[in-house]
Amino acid sequence: MPAFTSENLENNAIGATLALMAAAARTAPKAMGIDALEIFALDGAEKQEIADVMKTLAIEGDPSAEKWLRDAGNVEIADALFVIGLKKHAGSAGANCQACGHASCVEFGKAPKISATFRGPTCAFKLVDLGIAIGSAVKAAGILNVDNRIMFRAGAAIMKSQWGAKLSIAFATPLRISGKSPFFDRQV
Ligand code: SF4
């Protein structure tokens, strides 16, 4: 057997990719330089837990049920699941821009906290920060040729799991190294 099998090398590549995705997200620009991101990754039983939650969200008869099951299958076969979320009640950027629908950041701070799948309200600048960080992370994965796909549904399952307890919103990105990306050319 060679000192390094392809399986060994590819497993190491997943770990290295997750690390560089985290670095890209962490160093992405943040409004006013205030960082409210939580970044982590799951694999094995932890990742399977998220796929299982996604399956429970596939409500029979709902037009989106097949999409939940499709994405759950993608998470199941992924090598790892990379997660970026905003801390719960991450606060405001202090710009008083009214993009959140409130007259000022102070009024935003007084608004009732709503907890559904995601927890609002959320400062628009924080959501922009989150989007830039996610884009930076998947850019890093793409440069490294590791197949990936940003998933809202996997993020929703994160929020409904133990991993979402301290978050207000999350998106999750499964990674896969294989001969054919499972994340594209999907039938549903
Ligand atoms: S979106 Fe709302 S909370 Fe954020 S800076 Fe603008 S007014 Fe303040």
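The values are calculated or read from the model by the stated rules, or taken from the named source; none is laboratory data. Keep in mind it's a predicted model, so treat the numbers as computed, not measured. Cβ sites come from the backbone with ideal geometry, for glycine too, and all protein chains shown count toward neighbours. Areas reflect the complete protein model, heavy atoms only, side chains present, ligands, DNA and RNA absent. Shrake-Rupley method; radii C 1.70, N 1.55, O 1.52, S 1.80 Å.
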Worksheet item: Amide H neighbours of Ala80 under 5 Å, counting only residues 5+ apart in sequence or on other chains, H built in-plane at 1.01 Å?
Response: Leu175
Worksheet item: Want the number for Gln162 to Arg70: 0.36 nm per residue separation, take away the alpha-carbon distance, what's left?
Response: 30.9 nm
Response to the item:
SASA check, Lys55, accessible area w/ 1.4 Å probe, all protein chains in place, rounded to nearest 10 Å², comes out at 80 Å²
Worksheet item: So what is the 222 nm mean residue ellipticity for the chain from helices alone, if each DSSP H run of at least 4 adds -39500 (n - 2.57) and you divide by all residues, rounding to the nearest 500 deg cm²/dmol?
Response: -14000 deg cm²/dmol
Item to complete: Starting from the Cα coordinates of the chain, work out the convex hull volume and express it per residue in Å³.
Response: 132 Å³
Discussion item. Residues of region 161-188 with the amide nitrogen closer than 12 Å to a label point 7 Å from the Cα of Ala13, along Cα-to-Cβ, please.
Written reply: 176-181
Discussion item. When only alpha-carbon atoms are used, what values of Rg and Dmax, in angstrom, describe region 91-188?
Written reply: 16.6, 52
Practice prompt. Could you provide, to the nearest whole Å², the per residue accessible area of region 141-188 with probe 1.4 Å?
Written response: 48 Å²
Worksheet item: Hey, with R₀ at 35 Å, roughly what FRET efficiency would Ala111 and Ser181 work out to, going by the Cβ-Cβ distance, to 0.05?
Response: 0.25
Practice prompt. Would you mind checking the tilt of helix 6-27 against the longest principal axis of the Cα atoms of the chain, expressed as 0 to 90 degrees and rounded to 10?
Written response: 10 degrees
Worksheet item: Ignoring ligands, DNA and RNA, what percent of the 1.4 Å accessible area of the chain is carbon and sulfur?
Response: 58 percent
Fill in: Per-pair calculated FRET efficiency, R0 = 45 Å: Gln98 and Asp52 via Cβ, rounded to 0.05
0.65
Worksheet, complete the sentence: For Lys87, counting only aspartates and glutamates whose alpha-carbon sits under 13 Å away and dropping same-chain residues fewer than eight positions off, the answer is Asp35, Glu38, Asp129
Fill in: Per residue solvent-accessible surface (Å²) - region 1-63, probe of 1.4 Å
61 Å²
